[in-house]
Every structure is written in C-alpha cells, then in structure tokens.
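The values are calculated or read from the model by the stated rules, or taken from the named source; none is laboratory data. As the structure is a prediction and not an experimental result, all values here were calculated from the model. Please note: Cβ atoms are built from the backbone with ideal geometry, for glycine as well, and neighbour counts cover all protein chains shown.
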Amino acid sequence: MASLERLFAYDAWANAESLRAVRDAGAPAPAVRLMAHIAAAEQLWKGRLPADPVPVVVWPESSVDEIASGLDRLGRFWPTFVAGLAVDDLVRSVAYVNSKGESWTTSVEDILLHVVLHSAYHRGQVAYVLRAGGAMPPYTDYVHCIRSGLVE
C-alpha cells in the first residue's frame, strides 16, 4: 500500500506543479481545459469507488481557482483513502457506467492506478500546450519527484 500512497502523493504534487505553470503562463485555454479534466476525472473515480457516484461533467469549464480548489481536496483525499484500504480491498470489483453509458467492472487497484496514469497522460498534454505557447512546463516526472525528496 505504501507504493500507492506515494503515487497519490506524487499525483497531488505533479497536479499542483502543472496548474502553477498554467497560471504562470497566463492560463492558456487548452491547458486550463486539460487541468479541469484531470480534476473532474479524479472526482468521478472518487465517487465510483464507494459505489456512490455523483454526476460529474468530465470536460468542465472551470477557472484556475476552481481547479486548484478541487485538486487540493483530491490531493488530501486520495492518500487518506488509500491508507485506509486493506489488501483485500484492492481486489474488490467496482461496477460502474462510464461516460459513454457502458457498464464495466474494474478492481479497486486498477482504478487507483488508472487515476494516477490518466492524470499523468493529460499533464503531458498540458506540458505540450505550455511549450507550444513559449512557456517552460514543469518537470513532473515521478523519479524526479522521488529523487528530490518532494514525496516521502
């Protein structure tokens, strides 16, 4: 479980770094849209895990401040949620309906890994948008975060 806790600590750090860079670059709309999607998707999965989904717009129109607030809440939620899981919880299946209306069942562990990987994928897109606009994206690689002691 410690590795999942570290991944979510990394995810919170990397999301904050990316959003800071978006703000510093003047909040280009495509980058803001991607960061809003990261926060919305994490919120969506958060609701699916206890089988208590709340409707979430997965591509919302959000301000940088709204995104920051959401990511801050999620950054506090995930490590606590993961720390409270038993090994048996990781293999538990979660049934849900995706945004296309398709029914699926996925293990808690696979959902948790997906959340972190999905966010990393879109942070890469944010970095591309920032670089294309002449800004320097943050260095949010996992190993950099760990080597630098940014996450224990």
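Okay, here's what the table says:
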quantity: Matching residues in region 27-71 - criterion: being closer than 30 Å to R92 by Cβ, of a type in the set (D, E, K, R) and either part of a helix (DSSP H, G or I) or touching a Leu at 6+ places or on another chain (Cβ under 7 Å) (or both); calculated: E42, K46, R48
quantity: Region 57-79: number of residues that are crowded, with 16+ Cβ neighbours inside 10 Å and of a type in the set (S, T, N, Q); calculated: 1
quantity: Filtered residues of region 47-90 (kept if closer than 24 Å to R23 by Cβ and of a type in the set (D, E, K, R)); calculated: E61, D65, E66, D72, R73, R76
quantity: Residue list for region 33-83, restricted to those being small (G, A, S) and closer than 26 Å to S3 by Cβ; calculated: A39, A40, A41, G47, A51, G70, G75, A83
quantity: Matching residues in region 80-99 - criterion: being over 19 Å from the mean Cα position of the chain (by Cα), surrounded by fewer than 12 Cβ atoms within 10 Å (Cβ to Cβ) and part of a helix (DSSP H, G or I); calculated: V87, D88, V91
quantity: Of residues in region 29-55 being buried (at least 17 other Cβ atoms within 10 Å of the Cβ) and touching a Gly at 6+ places or on another chain (Cβ under 7 Å), the one modelled with the lowest pLDDT; calculated: Q43
quantity: Residue under evaluation E152, criteria (1) of a type outside the set (F, W, Y); (2) closer than 13 Å to L7 by Cβ; (3) within 17 Å of the chain's Cα centre (by Cα), criterion not met; calculated: (3)
quantity: S18 vs. criteria free of Cβ contacts under 8 Å to residues at least 24 places away in the same chain, out of contact with any Phe, Trp or Tyr (no Cβ under 9 Å at 6 or more places or on another chain) and assigned to a helix (DSSP H, G or I); calculated: no
quantity: Selection status of V108, touching a residue at least 60 places away in the same chain (Cβ under 8 Å) and surrounded by 12 or more Cβ atoms within 10 Å (Cβ to Cβ); calculated: no
quantity: Restricting region 127-137 to residues that are modelled with pLDDT of 95 or more and not in a helix (DSSP H, G or I), the residue that is surrounded by the most Cβ atoms within 10 Å (Cβ to Cβ); calculated: P137
quantity: Criterion: in contact with a helix residue (DSSP H, G or I) (Cβ under 6 Å, 6 or more places away or on another chain) and of a type in the set (G, A, S) - qualifying residue of A36, A86; calculated: A36
quantity: G101 vs. criteria in contact with a Pro (Cβ under 6 Å, 6 or more places away or on another chain) and modelled with pLDDT under 95; calculated: no
quantity: Criterion violated by G47 - all others in (1) out of contact with any helix residue (DSSP H, G or I) (no Cβ under 9 Å at 6 or more places or on another chain); (2) within 18 Å of H122 (Cα to Cα) satisfied; calculated: (2)
